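Here's the structure we're looking at; comments come further down.
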Amino acid sequence: MANTTWLLYYLTRRRFSPSFRSFFFIPTSLALFTSLFILFYISTTSTLFFSNQQPSLPHLNQPLLSGSSSMPQINISNNTQDPFAHVSNVNRLNENDRDGRESQRSLRPQFGSSDRIYVNNERFHDKDIFLEDYKQMNRSFKIYVYPHRRNDPFANVLLPVDFEPGGNYASESYFKKALMESHFITKDPAKADLFFLPFSITRLRHDPRVGVGGIQDFIRDYILNISRKYPFWNRTGGADHFYAACHSIGRSAMEKSEEVKFNAIQVVCSSSYFLSGYIAHKDVSLPQIWPRQGDPPNLASSKRKKLAFFAGSINSPVRERLLHSWRNDSEIFAHFGRLTTPYADELLGSKFCLHVKGFEVNTARIADSLYYGCVPVIIANHYDLPFADILNWKCFSVVVATLDIPLLKKILKGISSDQYLMFQKKVLEVRKHFRWHCPPVDYDAFYMVMYELWLRRTSVRVSLPVSKNPNH
């Protein structure tokens, strides 16, 4: 410390010669001059210093809001892997919010505006592409199911049910039962586009040998077994495999088999893209449908006296907010607890039926609404809606952000009579896509799920030698 102090004192007291001082002055002057020259050059040749100048790039949403009737041209790719990918470009043109919270705002057409806004009122994003690809799917799409014997100790879990499925989670059993009896099944794995993992999450949940606590271990052991016995899982890491589950426990069932969660296609009812385990472009949203027999009823909109209806338990903050806002309203009937009138009568007597997020984003209420001809109002942020690659949900439903629950009546009353009639007409058209049948019929829920899987089939086939006997 003393040496440092002495050095500073020596330097401050010493007088340097003129030649030594010029040695520092000349390079310092040159550096200053060079810096000034660079700043002058930049200020005269660029707009860096003019922050108020408007960017020259055009705004994509201007053509939609102008008075011109011409629409922007969207290049449509003839890629059968995802024939509706171009539609999302149109839907996103007008979604930006001044608050920057577009993901939290309601996705609804702005009725009553003097500006001309493009609204696609067709049931399908592109009907021609869908119908053409649907035929190709039926001709060529093949699924290989890992075989299991009737006397397998877990045959009840691995084989389809031999009865008519029922209950709130019947979609899983309906899909599996229909698939195993369909023309999509092949016994030759070399011809398969996808491989089905046939375990049932619902039946594992109720099996006393497994139960909720043992599902993760069962899935881990099952994947380990097929990866050792067959070559198909290992060649793609499971990317061309899929399983189906409707109960929410399916989301945590893969915690000890992350390659299933992140690589395989998950056909699940709990399809929330807010959760890290669900990947929308990879996974498939399975509609939760309560089975009903017979033809659905029709009731004209003029006989629907109630504006909106909801019934359900209070098991989420979203439903608590709905209750707080509309519990005592005379037009929006929000019921919590047991109904005093038949559920079907309430749906038939309401113009709009509310699907409100509970423990999960999915419930059977959307399919209920469609079956009874009621326009669904979806209040479930981050819900990857079933068949969104195929169906244009904006033409038969209203999506309201949870943030906008206090504005619900204003939103619904802002829909004109003509627009409501269009909604209900489309509801009657699309509801056949939300029904299960044994055996399945064209364009029902089974075939729509198969089409979603067909869109996700692997584009590059991996060719490996396959044993004539797949059991060895």
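The values are calculated or read from the model by the stated rules, or taken from the named source; none is laboratory data. Computed from a prediction, not measured in an experiment: that's the story for all the values here. As a convention, Cβ positions derive from the backbone with ideal geometry for all residues, glycine included, and neighbour counts pool all protein chains shown. In case anyone asks, the SASA skips ligands and DNA or RNA and just uses the protein heavy atoms, side chains included. Shrake-Rupley method; radii C 1.70, N 1.55, O 1.52, S 1.80 Å.
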Inset, instruction - Compute the separation of the alpha-carbon centres of the stretch 389-463 and the stretch 170-249 and state it in Å as a whole number. - result: 26
Inset, instruction - Among the aspartates and glutamates, select those whose C-alpha is under 13 Å from the C-alpha of LYS256, and discard any that sit fewer than 8 residues away in the same chain. - result: ASP217, ASP221
Legend entry - Karplus-derived HN-Hα couplings along the stretch 337-346 (A = 6.51, B = -1.76, C = 1.60, θ = phi - 60°), whole Hz, x at Gly and Pro: x, 6, 7, 8, 10, x, 4, 4, 5, 5
Legend entry - Other-chain or far-sequence residues with amide H under 5 Å of TYR146's (modelled H): PHE196
Legend entry - Two-site label geometry, GLU255 and ALA280: point separation in nm, points 7 Å out along Cα→Cβ: 2.7
Inset, instruction - Could you work out how far apart the two model spin labels at LEU224 and ASP295 are, taking each label as a point 7 Å from the Cα in the direction of the beta carbon, and quote it in nm? - result: 5.5
Legend entry - For the stretch 425-440, 3J(HN,Hα) per residue [Karplus equation, 6.51 cos²θ - 1.76 cosθ + 1.60, θ = phi - 60°, Hz, x = Gly/Pro]: 4, 5, 4, 5, 7, 8, 5, 5, 6, 10, 9, 9, 9, 10, x, x
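Taking a probe of 1.4 Å, how large is the accessible area per residue of the stretch 198-352, in Å²? Walk me through the numbers before you get to the answer.
On the way: 7280 Å² over 155 residues.
Accessible surface, normalised per residue, equals 47 Å².
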Inset, instruction - Search the structure for amide H atoms under 5 Å from the amide H of ASN392, placed 1.01 Å from N in the peptide plane, and list their residues when 5 or more places away or on another chain. - result: PHE124, HIS125
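Compute the signed sum of charges (Lys and Arg +1, Asp and Glu -1) over the other residues within less than 14 Å, Cβ to Cβ, of ILE314. Can you show the working numbers first?
On the way: positive: ARG319, ARG321, ARG327, ARG338, LYS357; negative: GLU320.
Charge balance near ILE314 sits at +4.
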Legend entry - Modelled label reach - TYR343, point 7 Å along Cα→Cβ, the stretch 364-387 residues with backbone N closer than 12 Å: 364-369
Legend entry - Carbon and sulfur %, accessible surface of the stretch 130-236 computed with the full protein complex present, 1.4 Å: 49
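Among residues other than ALA367 whose Cβ falls under 10 Å from its Cβ, what is the net charge (Lys/Arg +1, Asp/Glu -1)? It would help to have the intermediate numbers written out before the result.
Values: positive: ARG292, ARG365, ARG431, ARG435; negative: ASP368.
Net charge around ALA367: +3.
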Inset, instruction - Sequence neighbours fewer than 8 away in the same chain don't count; with that in mind, list the lysines whose C-alpha is under 22 Å from LYS261. - result: LYS176, LYS229, LYS282
Legend entry - Which of ALA192, ILE219, TYR134, positive extreme of dipole for the stretch 134-244 (C-beta unit charges): ALA192
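Assuming a ≥ b ≥ c are the square roots of the Cα gyration tensor eigenvalues, decide whether the stretch 268-399 counts as rounded (a/c under 1.5), prolate (otherwise, with a/b larger than b/c) or oblate.
oblate
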Inset, instruction - Kindly report, to the nearest 10 Å², the accessible surface of GLU255 as traced by a 1.4 Å probe over protein heavy atoms only. - result: 90
Inset, instruction - Just grab the label-to-label distance for GLN136 and ARG149, each label 7 Å out from Cα along the Cβ direction, in nm (one decimal). - result: 4.2
Inset, instruction - Can you check what the net charge comes to around LYS305, using other residues whose Cβ is under 15 Å from the Cβ of LYS305 (Lys, Arg +1; Asp, Glu -1)? - result: +1
Legend entry - With every protein chain in place, the stretch 373-423: carbon and sulfur % of accessible area (1.4 Å): 57
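Computing the accessible area with a 1.4 Å probe over protein heavy atoms, can you report the carbon and sulfur percentage for the stretch 270-337? The partial results should precede the final answer.
Working: 1920 of 3640 Å².
For the stretch 270-337, the apolar C and S fraction of the accessible surface comes to 53 percent.
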Inset, instruction - Taking the Cα centre of the stretch 161-270 as origin, sum charge times position over the Cβ atoms of Lys and Arg (+1) and Asp and Glu (-1), and report the length of that vector in debye to the nearest 20. - result: 200
